[in-house]
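The values are calculated or read from the model by the stated rules, or taken from the named source; none is laboratory data. This one's a predicted model, so the numbers in the text were calculated from it and none came from an experiment. Neighbour counts are summed over all protein chains in view; Cβ atoms, including those assigned to glycine, are modelled from backbone coordinates with ideal geometry. Surface accessibility is based on the protein's heavy atoms, side chains included, excluding ligands, DNA and RNA. Shrake-Rupley method; radii C 1.70, N 1.55, O 1.52, S 1.80 Å.
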Amino acid sequence: MGKVVLVTGAARQLGTRFVRRIQRDPDVERVIGVDTEEPDRRLGSAVFLKADIRQPSIARILAEHAVDTVVHLAVTGSPPLGGGGRTSVKEANVIGTMQLLGACQKSPTVRRLVVKSTTSVYGAAPRDPAVFTETTQPKALPGGGFAKDAVEVEGYVRGFARRRPDVAVCVLRFANILGPRADSALAEFFSMPVMPTVLGYDPRLQFVHEDDVVDVLELASGEPRRGTLNSGTFNIAGDGVLLLSQCSRRLGRPTVPLLLPAVTWVGQALHTVGFADFSPEQIRLLTHGRVVQTTQMREVLGFEPSYTTAETFADFARSRGPGLLPPEALGRTVDRLRGALL
């Protein structure tokens, strides 16, 4: 008998890709996708169940299908596919995780749990260390939004791991996920024709490619390779960092430096008209930045990303097309001006 894998958030872009990928694993007998709405794309041979993990029915699904591996991808900063505001997001993240963990705790068949988290749990503050490790305590815990949800979710996951030491638990803290199909708030920000920034700040940013996200999820959901351990908490990010100013130039999209209060007002206005999501946590990221260490990812988990931070951003930039100031055209203009002056 092969493994039976249950994937939450299966109707979202990342969940759909992972469901289709994990089916190729010869050790996997059956894959069950769960979400509140039907997926837009086919899930191959996987069984899709329209269900809400906030409801007790998730325990019945685990029991009926004798699930032994749970991959929890429904922790997200975006509203549920059925619609809703910030309250719905928090309920789906926190209440949904609590209900899912309660069902896993009662299930005698569950042996592995993989949880998608975020490096946002470290927060973003002016006194932050240059690099966060998995054991670094943030100077200031996130006060709200998706980051606070992730902190609460990880707390419940640690409690579950203590109660069920027989279950291998893996928490993956992803840096900002980008790629051609990225649909995050940061991807929306980088897609704006003109990007508002905080005057006097040029934060360091890290990215992880969406293809690497699927790869590491597959690695974490299986048996550990020889000499590695895929249970624990791991930062997941591509090598290197980019400054926000470098991102702007590579996109060809100009920035408008504003005082911090003005950025907050602009963000609220853009959120009101539905143009972009400028949450307080994203504004803090675009002010102070965040960089994490990935030594554990390589030496313990045994994962090596295929894309660096710069390569991830380049792939994302190609998918968005030229901005108002394409780098090539800007370079030619500078060269012509230099020639004229000389």
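Scan LEU229, LEU243 and give me the residue that is open to solvent by 10 Å² or more (accessible area, probe 1.4 Å), over 19 Å from the mean Cα position of the chain (by Cα) and at pLDDT 95 or above.
Residue meeting the stated conditions: LEU243.
What strands (runs of 3 or more DSSP E), lying completely within the range 193-287, carry at least 3 residues that are within 25 Å of PHE18 (Cβ to Cβ) and touching a residue at least 24 places away in the same chain (Cβ under 8 Å)?
207-209, 232-236
What number of residues within the range 92-144 satisfy the criterion of being surrounded by fewer than 22 Cβ atoms within 10 Å (Cβ to Cβ) and hydroxyl-bearing (Ser, Thr, Tyr)?
5
Looking for something free of Cβ contacts under 8 Å to residues at least 24 places away in the same chain, open to solvent by less than 40 Å² (accessible area, probe 1.4 Å) and more than 27 Å from LYS148 (Cα to Cα) - is there at least one such residue anywhere in the range 308-321?
Within the range 308-321, one or more residues are free of Cβ contacts under 8 Å to residues at least 24 places away in the same chain, open to solvent by less than 40 Å² (accessible area, probe 1.4 Å) and more than 27 Å from LYS148 (Cα to Cα).
Those residues that are under 25 Å from THR87 (Cβ atoms), charged (D, E, K, R) and open to solvent by less than 60 Å² (accessible area, probe 1.4 Å), I need them from the range 145-166; list them, please.
The answer is ASP149, GLU152, GLU154.
Can you tell me which condition ALA185 does not meet? The list is (1) in contact with a Gly (Cβ under 9 Å, 6 or more places away or on another chain); (2) within 25 Å of SER221 (Cβ to Cβ), and all the others hold.
That leaves (2) as the condition not met.
Restricting the first residue to the range 152-171 and requiring it to be more than 17 Å from SER221 (Cα to Cα), which pairs with a second residue that is open to solvent by less than 20 Å² (accessible area, probe 1.4 Å) and in a loop (DSSP other than H, G, I, E, B) meet a Cβ separation below 6 Å and a spacing of at least six or different chains?
Filtered contacts from the range 152-171: VAL153/VAL75.
Looking at VAL169, VAL194 in this structure, which one is surrounded by 17 or more Cβ atoms within 10 Å (Cβ to Cβ) and aliphatic (A, V, I, L, M)?
Exactly one of VAL169, VAL194 is surrounded by 17 or more Cβ atoms within 10 Å (Cβ to Cβ) and aliphatic (A, V, I, L, M), namely VAL169.
Report the residue count in the range 279-297 for those that are under 16 Å from the mean Cα position of the chain (by Cα) and either open to solvent by 50 Å² or more (accessible area, probe 1.4 Å) or over 24 Å from LEU259 (Cα atoms) (or both).
Here the count works out to 3.
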